[in-house]
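A short worksheet on the structure shown next.
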Amino acid sequence: MTPFFEISQRIEKISQDALELCREQFEKIDRIAEYNQLKVQKAFIKNSISESHFTPTTGYGYGDRGREALDRVWAEIFGAEDALVRHNFTCGTHTLATALFGVLRPGDKMLSVTSTPYDTIHNVIGIKGSQMGSLQDFGILYDEIDLKDGRIDYDAIKNAVDSTVTMVYVQRSRGYTLRPSLSVSEIEKICEIAKSKNPAVIVMVDNCYGEFVEKREPCDVGADLTAGSLIKNAGGGIAQTGGYIAGRKDLIEKCAYRLTTPGLGREVGATLGHNRELFMGLFYAPHTVSQALKSAVYISAFFGSIGYKVTPEYNEERHDIVQSVGLENPESLVAFCQGIQSASPIDSFVLPQPWDMPGYDSKVVMAAGAFTMGSSIELSADAPIREPYYAWVQGGLNFHSAKICTMLAAQQMENRGLLK
Ligand SMILES: *Cc1c(COP(=O)(O)O)cnc(C)c1O
């Protein structure tokens, strides 16, 4: 029985049964983690990474060997010609925006083929009209293709891509929707179709939450650019901030001109001592992602087995680390988040409350007891207080920790007479 925490017999039993259900998935997750760990390790060895790469630079940061080596290692692991990995990408949105502004020019057209992108990208594109300096303000056109029954509409892509489309934009993760995440095989098919209609088209993939979930990454299967946040999967729970772009060499150069300035590009950017953490985070990432995946599978098995709607199901194939749990009413959402928070290593004493959040049209309750603020490779839950009352859960630096958080979440619900 669980030591140190008070857990009811019933929850212990549900947990035991859930673990039993998870076994096969856990083995699969371990196999992928080992493959990716060896891939990462090989790239470190091939590039002779040493302590000297961790030396901080200041000022302009000219000739930072660590920064240059990190880009090379990253490119190799992500199946790309080149990469730009920087602590001063402030978040995933900033990283994606840098890539979009880096390669698109006035008159170009961006076509999202995975329906409307993640919320924070709307202002970048200018979907709702904007004076903020969005892509639209600079004369870049935008269009999107809806999903068909929640899946990619390949025929519509075939019809829409022609010589006027500069970029096909793909979001791998479901984000905070209930659609399934995209497999790398599906991304491969999108690349094939798009390029058969326009060989010059740039396929860009928002890779957030997807890194190291499968053996292959988007650039392995024909994507030209991919980008993500370092306080999600690829930072391994160790990077304190940052982002990366990986892809075709000529495109990465353009992104570097956008990140700093035309002409200077990637030659500047002091790393201030961040290199060690970025290397170490990358080294840990395959393992950390496996822990987050096991946490998601367990949560799914736990709540699914007692009659809650969960997506994905515990035995479904996964392409990102996001798990949603339909908790059916506001009281359960709040109890769930408060329970997770109460077992978190950081800020366990904080009691999450539903609150108005910028960018949301309903109140949101969140649990985030993390070492890095806003990190979502650490166990976190977000729940907008609105129908259908789903909590979105992601992360888990280590499975044992996420497991007790899940049990305490259920315990909070049981204590309040809410658990099914
Ligand atoms: C997290 C995320 C982003 C970027 O979000 P930030 O909060 O700015 O890091 C973009 N797309 C998807 C699918 C994401 O999950």
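The values are calculated or read from the model by the stated rules, or taken from the named source; none is laboratory data. Being a predicted model, the structure only gives us computed values, none of them experimental. With ideal geometry, Cβ positions are generated from the backbone for all residues, glycine too; neighbour counts draw on all protein chains shown. Ligands, DNA and RNA are stripped out before the accessible areas are found, and what is left, the full protein with its side chains, is counted by its heavy atoms. Shrake-Rupley method; radii C 1.70, N 1.55, O 1.52, S 1.80 Å.
Looking only at region 190-205, decide whether some residue is within 16 Å of L84 (Cα to Cα), touching a strand residue (DSSP E or B) at 6+ places or on another chain (Cβ under 8 Å) and within 15 Å of the ligand (Cβ to nearest atom).
Yes - at least one qualifying residue is present in region 190-205.
Name every residue in region 71-89 that is among the β-branched types (V, I, T), under 17 Å from Q240 (Cα atoms) and out of contact with any strand residue (DSSP E or B) (no Cβ under 8 Å at 6 or more places or on another chain), in order of residue number.
If the condition is that a residue be among the β-branched types (V, I, T), under 17 Å from Q240 (Cα atoms) and out of contact with any strand residue (DSSP E or B) (no Cβ under 8 Å at 6 or more places or on another chain), then no residue fits.
Considering every residue within region 20-41, establish whether at least one is within 16 Å of the ligand (Cβ to nearest atom), among the polar types (S, T, N, Q) and open to solvent by less than 30 Å² (accessible area, probe 1.4 Å).
Checked region 20-41: no residue is within 16 Å of the ligand (Cβ to nearest atom), among the polar types (S, T, N, Q) and open to solvent by less than 30 Å² (accessible area, probe 1.4 Å).
Only one of G326, G304 is without any contact (Cβ under 8 Å) to a residue 12 or more places away in the chain and in contact with a strand residue (DSSP E or B) (Cβ under 6 Å, 6 or more places away or on another chain); which?
Going through G326, G304 in turn, just one is without any contact (Cβ under 8 Å) to a residue 12 or more places away in the chain and in contact with a strand residue (DSSP E or B) (Cβ under 6 Å, 6 or more places away or on another chain): G304.
Considering only residues that are free of Cβ contacts under 8 Å to residues at least 40 places away in the same chain and open to solvent by 30 Å² or more (accessible area, probe 1.4 Å), which ones fall in region 69-104?
Hits for region 69-104 are R72, E76, T93.
What number of residues in region 270-299 are surrounded by fewer than 22 Cβ atoms within 10 Å (Cβ to Cβ) and of a type outside the set (S, T, Y)?
Number satisfying all stated conditions: 8.
Which residues, taken from region 234-254, are in contact with an Asp or Glu (Cβ under 6 Å, 6 or more places away or on another chain), open to solvent by 50 Å² or more (accessible area, probe 1.4 Å) and not in a helix (DSSP H, G or I)?
Hit for region 234-254 is R248, nothing else.
Quick test of your reading of the structure: Y257 fulfils all but one of (1) of a type outside the set (G, A, S); (2) buried (at least 19 other Cβ atoms within 10 Å of the Cβ); (3) part of a helix (DSSP H, G or I). Name the failing condition by number.
(2)
I need the full set of residues from region 331-345 which are among the aliphatic types (A, V, I, L, M) and closer than 15 Å to S295 by Cβ, in order please.
I340, A343
Determine whether region 112-132 contains at least one residue that is away from the ligand (no atom under 16 Å from the Cβ), within 23 Å of the chain's Cα centre (by Cα) and among the β-branched types (V, I, T).
No, region 112-132 contains no residue that is away from the ligand (no atom under 16 Å from the Cβ), within 23 Å of the chain's Cα centre (by Cα) and among the β-branched types (V, I, T).
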